[in-house]
1. Kindly indicate the residue of segment 140-167 that is touching a helix residue (DSSP H, G or I) at 6+ places or on another chain (Cβ under 9 Å), outside any loop (DSSP other than H, G, I, E, B) and more than 17 Å from N64 (Cβ to Cβ) and also least open to solvent (accessible area, probe 1.4 Å) among those meeting that condition.
2. Across segment 122-133, which residue is nearest to I35 (Cα to Cα) among those that are in a strand (DSSP E or B) and open to solvent by less than 20 Å² (accessible area, probe 1.4 Å)?
3. Looking only at residues that are over 13 Å from the mean Cα position of the chain (by Cα) and exposed (fewer than 15 other Cβ atoms within 10 Å of the Cβ) in segment 96-115, which one is nearest to I33 (Cα to Cα)?
4. Against the definition (free of Cβ contacts under 8 Å to residues at least 24 places away in the same chain and either in contact with a Lys or Arg (Cβ under 8 Å, 6 or more places away or on another chain) or surrounded by 15 or more Cβ atoms within 10 Å (Cβ to Cβ) (or both)), how does K73 come out, yes or no?
5. Determine if segment 72-95 includes at least one residue that is touching a strand residue (DSSP E or B) at 6+ places or on another chain (Cβ under 8 Å), within 30 Å of Q159 (Cα to Cα) and assigned to a loop (DSSP other than H, G, I, E, B).
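The values are calculated or read from the model by the stated rules, or taken from the named source; none is laboratory data. Please read all numbers here as calculations on a predicted model, not as lab measurements. Backbone-built Cβ (ideal geometry, glycine too); neighbour counts: all protein chains shown. Ligands, DNA and RNA are stripped out before the accessible areas are found, and what is left, the full protein with its side chains, is counted by its heavy atoms. Shrake-Rupley method; radii C 1.70, N 1.55, O 1.52, S 1.80 Å.
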Amino acid sequence: MIIFSILALSLTLVAFCQQEQSSKQYFEESAEIDIAKKAIDAYLKGDLETIRSCYADTARLWHNQYWLDHPGKTIDEQINSLESALPTLSYYNYEGEIWEMIVQNTGVNWVHFWAKWVAKYIGDDEELEIVVHFAFNVIDNKIVYESGIWNHLPIHLAQQRLKTKSK
């Protein structure tokens, strides 16, 4: 009888631990975080083909836009934007990175990335420091949705300074 009770208790504990693991909704390490990190690392290296490989062909990206009001960019449109923007920077990097993934009650996962983007435009004397937040929805090891939020004013002001200098 004691052996049966110990066995029953052990099975109950194993079942509880498995249930607890399956209901976990917050992660600091996951395959989804790894694919988002791969995309960010490729951005920092200017490796546009690796960036493209991290996204589904149908991916949609919203930067400083509300997704219900805008159709979002395709990954090809984003790559085109990066092709013209990255060569104008003398350097750019992220500092103080924070990564996490949450799984909503519906099962949808969101990888969150916070950091300070530090950059300088070629020909500008001022360094930019802008806090950014990105959220990535990853399905089947591909980013399918990306939302990015940051204060664009310092970038706009730097571009205005460069225009003034070029006149």
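1. Within segment 140-167, the first condition is being touching a helix residue (DSSP H, G or I) at 6+ places or on another chain (Cβ under 9 Å), and the residues that meet it are 141-143, 146, 159, 162.
Now drop any that are not outside any loop (DSSP other than H, G, I, E, B), which leaves 142-143, 146, 159, 162.
When the remaining residues are screened for being more than 17 Å from N64 (Cβ to Cβ), the result is 142-143, 162.
Numbers: K142: 75, I143: 1, L162: 43 Å².
Ranking the candidates gives I143 first.
2. Taking segment 122-133 as the starting set, the residues that turn out to be in a strand (DSSP E or B) are 128-133.
Still in the running and open to solvent by less than 20 Å² (accessible area, probe 1.4 Å): 128, 130, 132.
Numbers: L128: 27, I130: 23, V132: 18 Å.
The qualifying residue nearest to I35 (Cα to Cα) is V132.
3. The selected residue is V108.
4. Details: free of Cβ contacts under 8 Å to residues at least 24 places away in the same chain: yes; either in contact with a Lys or Arg (Cβ under 8 Å, 6 or more places away or on another chain) or surrounded by 15 or more Cβ atoms within 10 Å (Cβ to Cβ) (or both): yes.
So K73 passes the test.
5. There is at least one residue in segment 72-95 that is touching a strand residue (DSSP E or B) at 6+ places or on another chain (Cβ under 8 Å), within 30 Å of Q159 (Cα to Cα) and assigned to a loop (DSSP other than H, G, I, E, B).
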